[in-house]
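Worksheet for the structure shown next.
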Amino acid sequence: MENSKQDLKLMQKRVDNFISQFEEGYFSPLAMIARLTEELGELSREVNHYYGEKPKKDSEKEKLVEEELGDFLFVMMTFANSLDIDLSEAFDRSMSKIETRDQNRWTPKDKENES
């Protein structure tokens, strides 16, 4: 678990190193949420093409869901960085809440039949 926290911190630092080299720096929170929404739309479009009922047009270039997830993650990290939010801490708080709140929400897997 500690390694994943460090990985996330390193990812946020890498994003910060990139953004910090430009005079413009981070966008405003309102602009960041608009960018995050834009990236979510692009991710949604790709998911719809691959798993939904809407195939790509022949004229549309090939993109992958993984590429769009990466773009979404980058913008999410720029948003967090712009607000000085440590995503590993935010994730830990959310997971603790979810693990407590939802531990009996769904049917557990049968441990004997798991392989």
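Anything in segment 57-102 that is part of a loop (DSSP other than H, G, I, E, B), touching a Phe, Trp or Tyr at 6+ places or on another chain (Cβ under 9 Å) and modelled with pLDDT under 95? List them, or say none. Of everything in segment 57-102, just one residue is part of a loop (DSSP other than H, G, I, E, B), touching a Phe, Trp or Tyr at 6+ places or on another chain (Cβ under 9 Å) and modelled with pLDDT under 95, namely Leu64. When segment 45-69 is filtered for residues that are surrounded by 13 or more Cβ atoms within 10 Å (Cβ to Cβ) and either without any contact (Cβ under 8 Å) to a residue 12 or more places away in the chain or charged (D, E, K, R) (or both), the ones remaining, listed by number, are Arg45, Glu46, Asn48, His49, Lys56, Lys63, Glu67, Glu68. Considering the conditions (1) under 26 Å from Lys13 (Cβ atoms); (2) loosely packed, with under 12 Cβ neighbours inside 10 Å; (3) of a type in the set (A, V, I, L, M, F, W, C), Ile85 is excluded by exactly one of them, (2). If you check Phe72 against the conditions, is it within 23 Å of Ala90 (Cα to Cα) and touching a residue at least 24 places away in the same chain (Cβ under 8 Å)? Yes, satisfied. Residues satisfying the criterion are present in segment 16-38 (criterion: outside any helix (DSSP H, G or I) and surrounded by 15 or more Cβ atoms within 10 Å (Cβ to Cβ)). For first residues located in segment 88-106 and among the small types (Gly, Ala, Ser), partners that are surrounded by 10 or more Cβ atoms within 10 Å (Cβ to Cβ) and lie 6+ apart or on another chain with Cβ distances below 7 Å form the pairs Ser88/Lys5; Ser88/Leu8; Ser88/Lys9.
The values are calculated or read from the model by the stated rules, or taken from the named source; none is laboratory data. Every value quoted in this text rests on a predicted model; they were computed, and no experiment measured them. Using ideal geometry, Cβ is built from the backbone for each residue, glycine included, and neighbour counts are taken over all protein chains shown.
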